[in-house]
Amino acid sequence: MKFLILLTIFEIFKVTKSFEIDCTYGMSIRQSLNSVYACTATNFPTTSDIAVTSVIGIHLDGESNNDVAMLKIQGNHILSFIPRNFSNFFSNIKSIGIYNTAITILFGDEFEEFPKLEWLAFYENNLTIISSEFFEKTPKVAYIWFTENMIEKVGYDLFTPLNVTQLQHVNFRGNRCIDQGITNGNQASIISLINEILQKCSFDHEISSLMSTTSLAPEMTSSSTISTNPTATNENSFCTYEKIEDFVCALKDSLSKVQENLATEIERVEKIEKTLNATKEELSTSKLKTNELQNDLTKANGKIDKFENIQLKLKEEIELMMSDFEERLKNIENEISKANYYVSTLALLICCIFALQFL
């Protein structure tokens, strides 16, 4: 019942949000394999479960969504759940890399939309528990990297859905319950490592199933290891009361980490809200200043208009004065011409009078 309550709390935390993904497209090198065309997504400012509703980004020349074979998710230690619905945009994904996230538990349905998946890597995440059902929807996976996580428990039949003879890489280096990896494709070494992982890290089948079914079976069944015979049946049990309690502690610890992440996120959101409020106040002040400047500008434009009107009136008056002056000047010139004519006529008469006197 405790497990049911704890997992119910986890489900409560998983509030799905719609989200637009910004992809950086390019060729990406996969460890141990050739490079492929990939989408690298980094913009995840939330701890909530994300449903991808759109994907943006600029493809390389000649490439499209159908050419994307690898998905790389950079969580920046914020993302707590693997985004869903990527397959609505990329239908040919065969490789997935998850890096630097706050993901703590893999429940088993994270990659059910990628049945072609062959290469899977989790690097430097907060991962602590992996459900038995994790690979049920991705049985073609042959390259497994769970490197530098915090894994404490895995489902007893985690590897059962996989074709063990096809596994090329199994790397669990840098984890709490185990720190080993086989990357040379040696089948015997890989099977030996899987058995060691199950011995050191597995918990009981019913508790593992609980992570997906949220119901506890009435009785315990035996756990199993994977032998060199792919058809071998489950014989050896690694489940004890102590290990169940260990799982409870691990689950509580994961819940505590989720709560811490949630508290951190809430604090971050509060800071963002304060910043937004301060920004709003600054914008409001800026708007007031802008309005004042616009009013001043309007007044200045009014004064300029008045000045221009005065200038036009002065120009018109000056033109009228110049026209009047020119007209008066012409009249004066006419009067001067008349005066000159009279003077000339008078002088001629005087000359005539003097001439007559001498006769």
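Can you give the extra length, in nm with one decimal, that the chain gains between K274 and I56 once fully stretched, where that is 0.36 nm per residue apart less the Cα-Cα distance?
Difference between extended and current length: 75.5 nm.
Compute the signed sum of charges (Lys and Arg +1, Asp and Glu -1) over the other residues within less than 13 Å, Cβ to Cβ, of F159. Mind showing how you got there, number by number?
Numbers: positive: none; negative: E133, E136, D157, E196.
Within the 13 Å Cβ shell, the charges total -4.
With a cut-off of at most 12 other beta carbons within 10 Å, and DSSP calling the residue loop, which trypsin sites (Lys or Arg not before Pro) in region 50-111 qualify? Please list them.
none
Using the count of nearby Cβ atoms within 10 Å as a rough guide to exposure, how do R173, R328, R30 rank from fewest to most?
By the 10 Å Cβ count, ascending, the order reads R328, R173, R30.
Taken together, the values in this text are just the output of simple stated rules run on the coordinates, not laboratory data. Fair warning: this is a prediction, and the values are worked out from it, not measured in the lab. A quick note on method: Cβ atoms are made from the backbone with ideal geometry, for glycine too, and the neighbour counts reach across all protein chains shown.
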